[in-house]
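We did not get these values from a lab; they are worked out from the coordinates using the rules stated. Here the structure is a predicted model, which is why all the values come from computation and not from measurement. Note: ideal-geometry Cβ built from the backbone for every residue, glycine included; neighbour counts use all protein chains shown.
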Amino acid sequence: MAAVIPAALLLLFFVRIDKFTEPKEMIAKVFGLGVISTVPAVIVSGLVWGLAGSVLHGALARGFGSAFLAAAIPEEFFKWVVIYCFIWRSAAFDEIMDGLVYGATASLGFATLENILYVGVDGEWLSTAIARSLTAVPAHAMFGALMGYYVALARFAPLRRRSYLWKSLLVPIVLHGLYDFPLLSFNEAAAAGTSLTNAGMSLLILVPLIIGGGWFWAFRLARRLRKSQEEFGRLGVRGDMIP
């Protein structure tokens, strides 16, 4: 339960901030597909790191490679596949707010299974569950919400579709990679029996900055979209919603 509750609470937040609540069956479908997306992401991550890990040396280099090649890119790509391949043409996906909701839902499905795996194999399961409920799970939700926002812009602003689709991948990948980079560098140094330099340790400030800044961004978008819904209805969108 400790591994599931944080994702459930965040899912409830995103579902309820939408004035025009999405169908329950769609939320369940997207969440389930998010869970399933963990499997190919783990397989690809293992294959890529099996190749890249052997040529990277040093805690920072290995941490950076692991953060982007083995974590951010495969994980965000397969979450993106869920949204683009299974939600894009759905009749339920009919406004920009839906992008945030479905993006966060898919990402929280992914985070739930990942959390269960981490907590289940850790002897200090309670401390791991608490730590991840404050860091990894909210981070995944935020990455997914921003991804979904740009996918929605791509759908409803076809003249800039290619640009927004690229952003829907690049924004969460960059944020995810920068979030993981200092943590995985620290783990690599510990595994090698060394420690990071002061400059390397200073990178840890990226973790709260990414989570705090990203959540501020996602929450601000959600509030603006909710206000737009209240002012213009389901299909009405303020001009500044599509930059």
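Partner lysines whose Cα lies under 19 Å from the Cα of residue 29, excluding those fewer than 8 positions away in the same chain, are identified as 79. Would you work out if the stretch 49-144 is rounded, prolate or oblate? Take a ≥ b ≥ c from the square roots of the eigenvalues of the alpha-carbon gyration tensor; rounded if a/c is under 1.5, else prolate when a/b is larger than b/c, oblate otherwise. Here the stretch 49-144 falls in the oblate category. Per-residue ellipticity at 222 nm from helix content only, as computed over the chain with -39500 (n - 2.57) for each DSSP H run of at least four residues, stands at -25500 deg cm²/dmol.
How big is the Cα convex hull of the stretch 149-203 in projection, averaged over all directions, in nm²? That works out to 4.6 nm², a quarter of the Cα hull's surface.
In this Cβ point-charge picture (+1 for Lys and Arg, -1 for Asp and Glu), the chain has a dipole of about 780 debye about its Cα centre.
Residue 93 sits among other residues whose Cβ lies under 10 Å from its own Cβ, and their net charge, with Lys and Arg +1 and Asp and Glu -1, is -2. Per residue, the average separation of C-alpha pairs within less than 8 Å and at least 6 apart gives the chain a relative contact order of 27 percent.
Across the stretch 94-99, rounded Karplus estimates of 3J(HN,Hα) from the backbone phi angles (6.51 cos²θ - 1.76 cosθ + 1.60, θ = phi - 60°) give 10, 7, 5, 4, 4, x Hz, Gly and Pro being marked x. For the stretch 1-82, trypsin sites (Lys or Arg not before Pro) meeting the loop criterion (DSSP other than H, G, I, E, B) and having at most 16 other Cβ atoms within 10 Å: 19. Applying the criteria of a DSSP loop state and at most 15 other Cβ atoms within 10 Å to the trypsin sites (Lys or Arg not before Pro) of the stretch 143-243 yields 234, 238. By the rule of a C-alpha distance below 19 Å, with chain neighbours fewer than 8 residues away ignored, the lysines paired with residue 19 are 227. All other residues whose Cβ lies under 13 angstrom from that of residue 207 are scored, Lys and Arg at +1 and Asp and Glu at -1, for a net of 0. A simple rule links phi to the HN-Hα coupling: the Karplus curve 6.51 cos²θ - 1.76 cosθ + 1.60 with θ = phi - 60°, which for the stretch 6-22 gives x, 5, 5, 5, 5, 4, 4, 4, 5, 5, 7, 6, 7, 4, 9, 4, 6 Hz, with x for Gly and Pro. Using the Cα coordinates of the chain, the gyration tensor eigenvalues translate into equivalent-ellipsoid semi-axes of 32, 19, 17 Å, sorted from longest to shortest.
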